[in-house]
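In what follows, a single structure is set out as structure tokens and then discussed.
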Amino acid sequence: MRTRTAPYFALLLAATLVATACGKKASGGTASVAVTEIDLGRSLKPDLTIDDRTDTFHPNDVIYASVETKGSGPATLAARWTFDDNQLVDETSRTISPTGNGPSRTEFHVSKPGGWPTGKYHLTLTLNGATAGTKDFEIR
Amino acid sequence: MPTPDFSNVQSGSSSTAPSDNNANGSGRTYVVVKGDSLSAIAKREYGDFKEWRRIYDANRDIIKDPNLIYPGQTLRLP
């Protein structure tokens, strides 16, 4: 019995992986742009890379997320910032159309006049609606 | 403990890649970083610091005084 079920499950697993891959391509819209790096920090360089990476911020900081993508074609990046128990802080999206295959940088930033409440925050970055990466950070 | 109020959060984005977000001008944007001035941005973007007024004119809605720009501001580059 065991020898018969093993090939069956292997086949089922392969079919599931193929279906999942196809689903991602369909929901992603454009498969030629990929997120390769996400960094957080307090300031940016002119090329939009982070000047001082950190995951701990002060209440009056501007929080920057710098996202590296590779590939070409239109793609929509969105940054969803949440606080503590998933309370929405901000959501910003940007449609980019990189032309070469080299890396591109897109930054998202948030600030709060009067200062951020201390606590734990979370950034979810999506590419064409699919989660491309997450980052946790803290305001102290 | 009361739920924090995030209604006054300011946000923005910019990219080195061409974008569809700005129908105005070149579509490029620039995020001000510490130490920037309009003339420094103009020198870097256009090769001539005297071009600062083009940037100022394209961003009059958010720049009240051309001598005062702030880190985090997203400027349109005409």
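The values are calculated or read from the model by the stated rules, or taken from the named source; none is laboratory data. For clarity, every value in this text was computed on a predicted model and none was experimentally measured. Please note: Cβ atoms are built from the backbone with ideal geometry, for glycine as well, and neighbour counts cover all protein chains shown.
Condition check ((1) out of contact with any strand residue (DSSP E or B) (no Cβ under 6 Å at 6 or more places or on another chain); (2) farther than 29 Å from residue B:40 by Cβ; (3) basic (Lys, Arg)) across all residues:
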site	(1), (2), (3)
A:39	no, no, no
A:60	yes, no, no
A:71	no, yes, no
A:83	no, yes, no
A:97	yes, no, no
A:107	no, no, no
A:112	yes, no, yes
A:128	no, yes, no
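At pLDDT below 95 and not in a strand (DSSP E or B) - does that describe any residue in the stretch A:78-85?
The answer is yes; a qualifying residue exists.
Any idea which of (1) without any contact (Cβ under 8 Å) to a residue 24 or more places away in the chain; (2) exposed (fewer than 14 other Cβ atoms within 10 Å of the Cβ); (3) touching a strand residue (DSSP E or B) at 6+ places or on another chain (Cβ under 7 Å) is the one residue A:138 doesn't satisfy?
Result: residue A:138 passes all but (1).
Name the residue that is farthest from residue B:9 (Cα to Cα), counting only residues in the stretch A:101-133 that are of a type in the set (Gly, Ala, Ser) and at the interface with chain B (Cβ under 9 Å from one of its Cβ atoms).
Among them, the one singled out is A:104.
Please find, within the stretch B:13-47, the residue that is surrounded by the fewest Cβ atoms within 10 Å (Cβ to Cβ) out of those that are more than 7 Å from chain A (Cβ to nearest Cβ), modelled with pLDDT under 75 and over 19 Å from residue A:64 (Cα atoms).
B:23
Filter the stretch B:35-78 for residues that are part of a loop (DSSP other than H, G, I, E, B) and of a type in the set (A, V, I, L, M, F, W, C) and give the result.
B:62, B:63, B:68, B:69
Quickly run through the stretch A:16-57 and pick out the residues that are at pLDDT 80 or above, among the β-branched types (Val, Ile, Thr) and surrounded by 12 or more Cβ atoms within 10 Å (Cβ to Cβ).
A:33, A:35, A:36, A:38, A:49, A:50, A:54
Considering only residues that are more than 7 Å from every other protein chain (Cβ to nearest Cβ), more than 17 Å from residue A:132 (Cα to Cα) and free of Cβ contacts under 8 Å to residues at least 24 places away in the same chain, which ones fall in the stretch A:87-100?
Once the filter is applied, which keeps residues that are more than 7 Å from every other protein chain (Cβ to nearest Cβ), more than 17 Å from residue A:132 (Cα to Cα) and free of Cβ contacts under 8 Å to residues at least 24 places away in the same chain, the stretch A:87-100 yields only A:88.
With respect to the numbered conditions (1) within 18 Å of residue B:29 (Cβ to Cβ); (2) in contact (Cβ under 8 Å) with a residue 60 or more places away in the chain; (3) part of a loop (DSSP other than H, G, I, E, B), which one is the sole condition not fulfilled by residue A:59?
Condition not satisfied by residue A:59: (1).
So, residue A:3, is that one more than 9 Å from chain B (Cβ to nearest Cβ), modelled with pLDDT under 95 and surrounded by 16 or more Cβ atoms within 10 Å (Cβ to Cβ) or not?
Judged against the criteria, residue A:3 is not a match.
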